[in-house]
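Notes for the one structure printed next.
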Amino acid sequence: MPTIRRLPEHLVNRIAAGEVVERPASALKELVENAVDAGATQVTVRIASGGLDMIEVTDDGCGMRPDEMALALERHATSKLPDEHIEMVSTLGFRGEALPSIGSVARLTIESRPRGADEGWKRVTDHGVVTEDGPAALPPGTRIRVEDLFGKVPARRKFLRTPRSEYAACQDVVRRLAMARPDIGFVLEHDGRRVIAVQPDEELASRVARLVARELAEDGVLIDSERGNAHLTGVAGLPTYNRGVADHQYLFVNGRPVKDRLLTGAVRGAYADMLARDRHAVLALFLSIPPEEVDVNVHPAKTEVRFRDPAFIRGFLVGALRHALEAAGQKSAQPPSANAMGNWQVEPAAPGRSGEPAPSIGSLFAREYAPQRTSFPSGGGAGRVAEGAAAWRAYEADVMAQPSGRAEALSEEPDAAEEEALRYPLGVARGQISNTYIVAEAEDGLVIVDQHAAHERLVLERLKAAGAEEAMNRSQALLLPEVVELEEVACDALEEKLEDLARFGLVLERFGPGAMLVRAIPSVLRKSSAEALVRDVADDLAKNGDALLLGERLDLVLATMACHGSVRAGRTLSVAEMNALLREMEHTPRSGQCNHGRPTWVKLAHADIEKLFGRK
């Protein structure tokens, strides 16, 4: 029988380092968090070769005395837990493993001077062995340098990535912590080049836009919502401003950067009918809840959390995001891209013959030509909105019928009502291009609307408002109940959610330890495989802890119904119908995107039009 023995201290530290210090970015995260917890107002980070050769973190925090410095290099020694109530921790770091773990796999130099002290102190540890201990000259604060990471642990060193990849991870760490604390200034230098530099006491929205994407200042909405003892702040990008990957979603819980599946699923649910399935929102969300409502001690690196009431947290996030995006209203419009603007061509003036001057602008129109006068359509006035709405409703009643007519005759002079109508956000309809796009004139520019995409959103919102979702959730009973065999754990999870699933129209019964009996499925999914549906819901419960997938499927079906029930491209609309569509868009939430996340309208400001003609 093997003998049980106590592991030596240096081996214990290396084992801990395997959990805490996975790569240079992990060590950097621990050091910057210590600087933040020390009360620093300025943190400067210098790295070389992506952190493989050197990491240095300097702060102006409270500093450490020589005896505190020696104690900090011992395992499970921390100043961040004043008592034994670990569930009430309010600091970023609290395990007391970071410094001894880093010191066991690298050359670690700590220099610190408390505020008010005459001199500082320096302690050097080379892979677990103290090699230097004595006075040091430095301003108040702490400077920690990590060199030759995993230099004497080649098995770990060879699994690190390239310096470029390690640098990207380090940059992400500093970016996230800088967003979490806009009251602290941060500087990041890589190989002598300054990459990040933000000043302390910066507004949250400004800090996020500076670190994530400057476009968020224009293409984002502020989040500030409270429910019970939970408070959510941050910046959420408009649905039309999105990315192909989810790497630009920054989530924080009580100031701690986290990567949590529950929060990620809540973001996906909030943008469900506003983004295409392969696109992802850009945002930074900061959730504040009482410490006892969240467990931050479930991962050695403290990157995951566990909520006491996950259903409440998810519902709160989805509701807050949707409310903020709806409040943005017409801000959700898609501006014309620079590439699209560049496609406009300017016809060059024809050169004159040899010895002859180029013709003047006036001579180009010297021929007999009577240009039509730009005027206002008779159907575009505000007084005719009711008439247009009635026509639009009649059109919607039979979208597959032949169009009722073309644009009305143009009047010669605008009246007061028509001039007032120009002040609508989407302006007054002037015509239709290719029987697909509505061209409208607004007070501040030219608006182009995709009639099918716009009406698709309007129909979906009407279906929701009319309770169509509830009608869709009616069950379709199976003629012969179907037995679906699953793992016992999956069956237990489904059994706990039987009532919730029944509200969606999925009626299940427990059928032994490892099987579920399907008696009914949602009527709108009656053509789907009952077995595949139950398995997907079970997988979704295991992943997210709640039945999200079934609800999202129903949303997708609802969106599909709206798509097929909306006016198609290629249909000729009257001016009254076009104006009624514009007016309804102005009062419909999320009308800036169709159900698939595409923009429904774009606007060319007067300045953009003037640039096209060289007036600016």
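The values are calculated or read from the model by the stated rules, or taken from the named source; none is laboratory data. Because the structure is predicted, anything quoted here is derived from the model rather than measured. For neighbour counting, all protein chains shown are included, and Cβ atoms are generated from backbone atoms with ideal geometry for every residue, glycine included.
Residue-wise test of (1) aromatic (Phe, Trp, Tyr); (2) farther than 28 Å from residue 596 by Cβ; (3) at pLDDT 90 or above; (4) crowded, with 18+ Cβ neighbours inside 10 Å.
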residue: 423; (1), (2), (3), (4): no, yes, no, no
residue: 438; (1), (2), (3), (4): no, no, yes, yes
residue: 450; (1), (2), (3), (4): no, no, yes, yes
residue: 459; (1), (2), (3), (4): no, no, no, yes
residue: 462; (1), (2), (3), (4): no, no, no, no
residue: 496; (1), (2), (3), (4): no, yes, no, no
residue: 499; (1), (2), (3), (4): no, yes, no, no
For this session: For the range 197-231, name all the residues that are touching a strand residue (DSSP E or B) at 6+ places or on another chain (Cβ under 8 Å), outside any strand (DSSP E or B) and under 19 Å from residue 288 (Cα atoms).
Result: 204, 205, 207, 208
Problem set entry | Lone qualifier among 166, 111, 218, 119 - being surrounded by fewer than 17 Cβ atoms within 10 Å (Cβ to Cβ) and at pLDDT 90 or above | 119
For this session: Looking only at the range 23-49, count how many residues are outside any loop (DSSP other than H, G, I, E, B) and basic (Lys, Arg).
Result: 2
Exercise. Is the range 198-213 home to any residue that is modelled with pLDDT of 90 or more, within 28 Å of residue 30 (Cβ to Cβ), crowded, with 19+ Cβ neighbours inside 10 Å and in contact with a His (Cβ under 7 Å, 6 or more places away or on another chain)?
Worked result: yes
Problem set entry | Complete set of residues in the range 508-540 that are part of a strand (DSSP E or B) and either closer than 18 Å to residue 485 by Cβ or not assigned by TED's automatic domain parsing to the domain that holds residue 478 (or both) | 508, 509, 510, 515, 516, 517, 518, 519, 521
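Let's see how each residue does on (1) without any contact (Cβ under 8 Å) to a residue 24 or more places away in the chain; (2) in contact with a strand residue (DSSP E or B) (Cβ under 6 Å, 6 or more places away or on another chain); (3) under 30 Å from residue 282 (Cα atoms):
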residue	(1), (2), (3)
125	no, yes, no
139	no, no, no
164	no, no, yes
170	no, yes, yes
For this session: Please specify each residue of the range 582-616 satisfying the condition of being among the hydrophobic types (A, V, I, L, M, F, W, C) and either part of a loop (DSSP other than H, G, I, E, B) or touching a helix residue (DSSP H, G or I) at 6+ places or on another chain (Cβ under 6 Å) (or both).
Result: 585, 594, 613
For this session: Look through the range 501-525, keep the residues that are β-branched (Val, Ile, Thr) and under 14 Å from residue 537 (Cβ atoms), and return whichever of them is modelled with the lowest pLDDT.
Result: 521
For this session: Only residues that are free of Cβ contacts under 8 Å to residues at least 60 places away in the same chain, surrounded by 14 or more Cβ atoms within 10 Å (Cβ to Cβ) and part of a helix (DSSP H, G or I): list them for the range 141-162, please.
Result: 157
Problem set entry | Residue selected from the range 560-616 under the condition of a type in the set (Asp, Glu) and touching a strand residue (DSSP E or B) at 6+ places or on another chain (Cβ under 9 Å), by the criterion modelled with the lowest pLDDT | 608
